[in-house]
Structures are given as structure tokens and as C-alpha cells.
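The values are calculated or read from the model by the stated rules, or taken from the named source; none is laboratory data. Quick caveat: nothing in here was measured; it's all calculated off a predicted structure. A quick note on method: Cβ atoms are made from the backbone with ideal geometry, for glycine too, and the neighbour counts reach across all protein chains shown.
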Amino acid sequence: MRTILHLDLDAFYVSVERLIDSTLQNKPLLVGGTSDRGVVAACSYETRTFGVHSGMSMRIAKELCPEATIIKGNAGTYSKYSDLVTDIIKEKVPVFEKSSIDEFYADLSGMDKFFGAYKYASELRQKIILETGLPISLGFAQNKVVSKVATNEAKPNNQLKIDFGTEKPFLAPLSIKKIPMVGDKTFQTLRSLGVRQIKTIQEMPVDVMKGVLGVNGLTIWKRANGIDNTPVIGFSERKSISTERTFDRDTIDIYKLRNILVAMTENLSYQLRRGNKLSACITVKIRYSDFNTYSKQLKIPYTSADHILIPKILGLFEKLYQKRLLVRLIGIRFSHLVSGNYQINLFEDNEKQLNLYKALDHIRDRYGDRSVIRAVAMGSKTIGRMQNPFNGQPPIVLAHRKQ
């Protein structure tokens, strides 16, 4: 029997801001883009009673809760506190997965032979609270899905243990929206069929769910019944993705080098988003005609956004490049990867920016990695080993603003 722990930092960005400024305690707080076109990255529990939620337009959030304090937020600060929690978990848990900047799974299977696994998990939670000052909730069950749901039911700043064999009764009375993977579209589809509680799905034949939702219907049916064999994937900061380009003829063309770096960054950023990953460290590598190779890296707040990564990559290149020397190879690497979506950048962007990324990535998913490119990257026919064909379709070119 497996024993899976799920930990989730409560309203993480909000909690960090309150840790920095205690006067924000117990006040409605919004973290995100401060303009009307901005997006809510995080909101305090006080604002949620007014219908505010993350990902919402800041303009609408302010209309719903006009007394809320609005803070732009700082990605670097949030990454630092996330790393503090990660270090504590790494020290105490044999196998853990960092599924996002504020969320963790740990496999404690077999630990009951030596000491109580739930007691150990509870002590770990208290250690995190004591050493970081951040509230964190805990779910404890036999698999990842049930432990995650348990955490959400335990919030705020609490914990909940679901004993083996009680998964179905625990899930039954909850809203179908509580099942991981049930988004707004799936929720509305099920609601239109009169399905509101998880219990109804538990009582439905699996073939009915598959008929309505296809393959996803089978997954949702299993989750509603507390069935999940997904493993905890061990966290490793050494995970990375990279690409490099070796030139047929060594070059000193600075514009060509910069444009290829832009194309490389644009492509790898898309690979991050497609794999639901964020990077916290970037590296630029240059090999000169004499085969001497140099690299420079930079720690950054977790991100997967082109418009954030491109200026940083070009900045590293400028520091690394020795003018008047012929270049044989250039490359970039994104490392310190964690699972997570684009939420970390919400407070730096607006709705238009986020919708643009979704639209561009949709085109790339359908027609290939380089079916949409920046104008500056047009000359980069090949960008390295990660290049994929775009099915013979001519690329859509985006106007390039000076970085």
C-alpha cells in the first residue's frame, strides 16, 4: 500500500507579501498586474468571498472587491521562499516531487515500519511553518489525487488524513469541480447532464463517462472513485532542456548570432510551456574557432515566457561574447526545471499577453514549433538540435519590438 503526502502553500504569493508586511494581515489582498488590463496572480481568502479568483481580470476583481489592496508582486521573492520550503522538504523526505512553485508531493510508503508516517508528515508541516513563517496545508492518502483533494479540503493552514478504504466516501459528497482535471468546460458538460456531486460519477457506468468525455472520461471516473497509480516523480534541480548550433563556417556576424539566440529562446520557451515546465536558471554557451568554449549562467525567477527570457539570454551573450573572435558554436540551456504552468508570470503580464501566448502555442501545437516566429528570427532557418519541421507550412511572422 502506498502512502502519499501532498503539501500546498496557502495563497502563496499573498502569504509571502504578508510575511514581508504584517500590516496586510487579515485584509483583502490582490497580487498581480496593477493596471486595469492586468491579471490577478493570487488573491487572499478575504477576496474570494466576493467571487474573486486567480486568473481573473484585475479590473473585474477591483469591481467585485473595491476595498482590496493591490500589490504588483515580485517573482524573485516568491522563488526565494519556494526554494526555502524545497530545501526543508529535501532534507526530510526521501522521494518528493515539486509539482509547482508552491505545491509538493512526497512518497512516504514503507515509513510506517519505522515510525508513524502521518506523524512524520505532520512534524514536517510544522517545521516548514516554524522555519519559513508561511502557512501550508497537508493531505495524506494512498495516492496523489486523493491527497491533493484532501489538502484542498483542509485549507486554510490545516491538514487532513484519508484512511485506506475510505477514499470513495470521502470524495462522494464533494462537487465534481474538486476532481483534479475537471476544468470549466468539463464542469459545464457534466452539469448539463445533471452531474453535480462526485457520488453521481461513482455510480455511473464507466462507459457512459467515456461516451461523454472520451479518454478523459475514463480518467475522471477513476479519480472520482479514488483510483490513481500516478507515481511521485523525484525532484531534481539538474533537469534541463537545451539547444545549440554549430556553424558550417565560423562567423563574427553579431546580428546573426543575436537573431539565432532569439529563435533558440523562443523555441525552448515554447517547449517549456508545452511540457508544463518553468525554468529558474539559464545558460549561454559560446565556442570559438580555436575550440575554446565559455559559458555563463544566471539564476532567474521561475518562468516560461519568451518576452522575459529573450532579454536575459541576450544580456548573458553580451557579457560573454569576446568581439573580433570567430564563433564556431552557440547554445542555450534552461535548467532547474519544475512542473508548473504560466501562473508565475501573471503579475507581470496582462490578459492580452496571456491570450497571445495561448493563441501562438495553439498554432505551434497544430503546425509545428516554428510555424509562428518573431521577425528577427526569420533568417534562422535552423536553430539547432531541437528544431522540428512545421509540416511544410510557411511561418507566421510576428513583428519584433526592440528588446
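Taking each residue of region 1-20 that is farther than 15 Å from Ile70 by Cα and looking for partners that are among the basic types (Lys, Arg) with beta-carbon atoms closer than 7 Å, six or more apart or interchain, yields Ile4/Lys144; His6/Lys144; His6/Lys148; Leu7/Arg125; Asp10/Lys155. For region 131-149, the criterion of a residue being assigned to a helix (DSSP H, G or I), crowded, with 20+ Cβ neighbours inside 10 Å and modelled with pLDDT under 95 is satisfied by no position.
Taking region 310-346 as the range and being modelled with pLDDT under 85, outside any loop (DSSP other than H, G, I, E, B) and of a type outside the set (Phe, Trp, Tyr) as the test, the residues that pass are Val338, Ser339, Gln343, Ile344, Asn345, Leu346.
For Pro231, the conditions (1) over 30 Å from Arg191 (Cα atoms); (2) surrounded by fewer than 17 Cβ atoms within 10 Å (Cβ to Cβ); (3) at pLDDT below 90 are fulfilled apart from (3). For region 26-34, state whether one or more residues are at pLDDT 90 or above, at negative phi and in contact with a Gly (Cβ under 6 Å, 6 or more places away or on another chain). Yes: region 26-34 contains one or more residues that are at pLDDT 90 or above, at negative phi and in contact with a Gly (Cβ under 6 Å, 6 or more places away or on another chain). Screening Val208 against (1) among the hydrophobic types (A, V, I, L, M, F, W, C); (2) touching a helix residue (DSSP H, G or I) at 6+ places or on another chain (Cβ under 9 Å); (3) surrounded by 14 or more Cβ atoms within 10 Å (Cβ to Cβ) leaves a single unmet condition, (3). Criterion first (surrounded by fewer than 19 Cβ atoms within 10 Å (Cβ to Cβ) and either under 20 Å from Ile233 (Cα atoms) or out of contact with any Lys or Arg (no Cβ under 6 Å at 6 or more places or on another chain) (or both)) does Ile101 satisfy it? The answer is no for Ile101. Taken over region 65-82, the criterion of being surrounded by 15 or more Cβ atoms within 10 Å (Cβ to Cβ) and out of contact with any strand residue (DSSP E or B) (no Cβ under 6 Å at 6 or more places or on another chain) is satisfied by Cys65, Asn74, Thr77, Tyr78, Tyr81, Ser82. Restricted to region 210-257, and to residues there that are part of a loop (DSSP other than H, G, I, E, B) and among the acidic types (Asp, Glu), the residue that is farthest from the chain's Cα centre (by Cα) is Asp253.
Lys119 - would you say it is touching a Phe, Trp or Tyr at 6+ places or on another chain (Cβ under 9 Å) and surrounded by fewer than 16 Cβ atoms within 10 Å (Cβ to Cβ)? Judged against the criteria, Lys119 is not a match. Contact map, region 180-205: first residue part of a helix (DSSP H, G or I), second residue aromatic (Phe, Trp, Tyr), Cβ cut-off under 8 Å, separation 6 or more or different chains; pairs are Ile201/Trp221.
Only one residue in Leu325, Leu278 is buried (at least 20 other Cβ atoms within 10 Å of the Cβ) and either of a type outside the set (A, V, I, L, M, F, W, C) or assigned by TED's automatic domain parsing to the domain that holds Asp253 (or both), so which one is that?
Working: Leu325 fails: buried (at least 20 other Cβ atoms within 10 Å of the Cβ).
Result: Leu278 is the single residue among Leu325, Leu278 that is buried (at least 20 other Cβ atoms within 10 Å of the Cβ) and either of a type outside the set (A, V, I, L, M, F, W, C) or assigned by TED's automatic domain parsing to the domain that holds Asp253 (or both).
Buried (at least 20 other Cβ atoms within 10 Å of the Cβ) and among the polar types (S, T, N, Q), is that true of Gln126? So Gln126 fails the test.
The C-beta contact set for region 277-292 (first residue touching a residue at least 24 places away in the same chain (Cβ under 8 Å) and more than 17 Å from Leu257 (Cβ to Cβ), second residue small (Gly, Ala, Ser) and crowded, with 19+ Cβ neighbours inside 10 Å, distance under 6 angstrom, 6+ apart or interchain) comprises Leu278/Ser304; Leu278/Gly340. Of all residues in region 211-249, those satisfying the criterion of being among the basic types (Lys, Arg) and either within 30 Å of Gly331 (Cβ to Cβ) or in contact with a Phe, Trp or Tyr (Cβ under 9 Å, 6 or more places away or on another chain) (or both) are Arg238, Lys239, Arg245, Arg249. Of the residues screened, Val14 is one that is touching a helix residue (DSSP H, G or I) at 6+ places or on another chain (Cβ under 9 Å), assigned by TED's automatic domain parsing to the domain that holds Ile136 and within 21 Å of Asn158 (Cβ to Cβ).
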